[in-house]
Every structure is written in structure tokens, then in C-alpha cells.
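No value in this document is a laboratory result; all are computed from the given coordinates. Given the structure is predicted, the values throughout are model-derived calculations rather than measurements. Here the Cβ is made from the backbone with ideal geometry for all residues, glycine too, and neighbour counts use every protein chain on show.
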Amino acid sequence: MQGLFQKFNSFFSSRVTTPAEPLHHPEVLEISDTVFSQYSVVIGSVFSYFNDLPPDSQLKFVNRTYQFKASKKFHFVGLENSEDAAILVSASAIQVTFGLKNYMMSYFKDIYILSDAYQIDNEDELYIGHVAPEGIYLSFKHFLYGYSNKNDNVNVAVHEMAHALLYNNFFAQYGTDSHFRLNYEKFSSSTGPILANVITNRRSYLRSYAFSNLHEFWAVSAEAFFENPAGLKSNMPELYEALCRVLNQDPITNHKILKSEP
């Protein structure tokens, strides 16, 4: 997996030299009551995060999901085309970016939804999700498992969307969010004491994959942040607060968003 990230980093660093102008997107879209109802039922069947939101925030969440989905091309591999699957995958991106102004991950135009775990370039290792220059890849079987099991702090959708958000803002620099960039830099500089504590105590609330590299520390931390926010806050309060700042949201609260305009 680390080699994959090195290839991805090399792609961006060798091809992008100047940041694009930030993109701004309207919060209110012209969606019908029927569309809102359809999306709410689909999202609510999987996302307890969505069900906790008050009505005005649910409308905002659906609006963003609708726009995100409309801006991407979905490819289905090993399963039939499914609008519900596209809605759910889009909703996972909105969950991660709900507190940010620029949430579209504009660099990524294609999302690949696969039926199960898969191989890349004839590698022996099986993947359940990854982010590459050509798009975001997710195993839908493991996507659903991630949202159905909240006891293991494993959620492939949150994990990969966290990677995609980072790459969109720092490598592609396309449709960047200034709040996220500033606070992620603070987040990355604050991880030293957290990592030192883990090494000293030889244990962590996060699963061991978090300590592969800084990219994985970020993505695995995001998984725990959304999967079991109370557990992360109790066990690693400094990390929890840092994630609240960088994503401008607190999943424990019903409204989620901390500041309306970061």
C-alpha cells in the first residue's frame, strides 16, 4: 500500500505546480421534494450520522450529496449500475467534508464501485479501496460492512474519502479549501507527541495500520472519528480535538458543524 501512495504522490508532484483558484458551490440546489425524500430514505438506511441531523442540516446534507453525485461519473465493476450505491458513496464523501466550504473534491471525476475486494496491477495483495490519479475505488461489500459494524473503527469509505480530501487539497490543489489546508498543517505538526506516546506505551486506541505513515495516520484517525467519536474522544482527546478543528465538525453533536463559515 505504501508503494501505491508513493506513486500517487509522484503523479501530483510531477504534474501540478500551481494551485487552481478555489471553487465555490451553492448550498441550496433546486431539488424536488421527491428527490429529497428519495435521497433521505437511501442515506438514512445506512448513515446514523445523517439521521442524527436536524431537518435543516439534513436538507444541506442531501443538497451536497446530490451535487457531488451529479459531478462524478460512477463506474460499476462486478455489479449492476445502482443509483442507490452512487448516492451512498457520495454521502460518505459529504460526511467527511460536511464542515468544509469546498467539499466537491473537484479533481476526482470518476468513482469506481466494485463488488468485492480486488487486485491492482496483478499484485498479490487484495484491496478494498484506494485512491489513484484516475479515480476513487471502493469495494461496495466492504463499504456496507463499514457502516453496519461500528465496533471495529474500520470504515473503508471514510478512510478513502479522507485520503481523497487530502490529495485534492495538497497534491492536485484543485478546488482547495483554505480552512482545511491551514488546519491540516496544524494537525500534521501536532501528531509528534501523539506518536511518541504510542511508542512509549506500546498501545493505541487506533489500529496499528495508522502508524504505517502520516497519510495512514490521518485516514485511520478519520475512521475512528466518525465510527466511534465518543471512544476516540475518551481515549485520545488531543487527537479528537485536532480532527474537530481540521474538519470543522464534532460528530458527537447533532448539528455536527462547529462554524457555519470556516
Subject >> Straight-distance crosslink candidates among lysines, where the alpha carbon sits under 26 Å from Lys141 and sequence neighbours closer than 8 are dropped >> reply: Lys69, Lys72, Lys73, Lys109, Lys150
**OP:** Determine which aspartates and glutamates satisfy two conditions relative to Lys101: a Cα distance under 12 Å, and not lying fewer than 8 residues away in the same chain.
**Re:** Glu27, Asp177, Glu261
Original post:
Can you list the residues, at least 5 places off or on another chain, whose amide H is less than 5 Å from the amide H of Val77, using H built in the peptide plane?
Top reply: Ile113, Leu114, Ser115
Original post:
region 160-262: which trypsin sites (Lys or Arg not before Pro) are DSSP loop and have at most 14 other beta-carbon atoms within 10 angstrom?
Top reply: Arg202, Arg203, Arg207, Lys259
Subject >> Per-residue HN-Hα couplings for region 210-223 [Karplus 6.51, -1.76, 1.60; θ = phi - 60°; Hz; x = Gly/Pro] >> reply: 4, 9, 5, 6, 5, 4, 6, 4, 4, 5, 5, 4, 5, 4
Subject >> Normalised convex hull volume, region 171-262, alpha-carbon set, Å³ per residue >> reply: 100
Original post:
Once amide H atoms are built 1.01 Å from N in the peptide plane, which residues 5 or more positions from Ala132, or in another chain, come under 5 Å H to H?
Top reply: Tyr137
Subject >> Cα-based Rg / Dmax (Å) for region 75-171 >> reply: 13.0, 40
Original post:
Given the options Ser71, Ser37, Ser106, which has the most mean-square fluctuation in a GNM of the chain, springs set between C-alpha atoms less than 10 angstrom apart?
Top reply: Ser37
**OP:** Find the eigenvalues of the gyration tensor of the Cα atoms of region 108-262, then list the square roots of 5 times those eigenvalues as equivalent ellipsoid semi-axes, largest first, in whole angstrom.
**Re:** 24, 20, 16
**OP:** Take the chain, drop everything but the C-alpha atoms, weight them equally and run the Debye formula without solvent; then report log10 I(q)/I(0) at 0.08, 0.16 Å⁻¹ to two decimals.
**Re:** -0.29, -1.32
Original post:
Once amide H atoms are built 1.01 Å from N in the peptide plane, which residues 5 or more positions from Asp110, or in another chain, come under 5 Å H to H?
Top reply: Lys73, Ile136
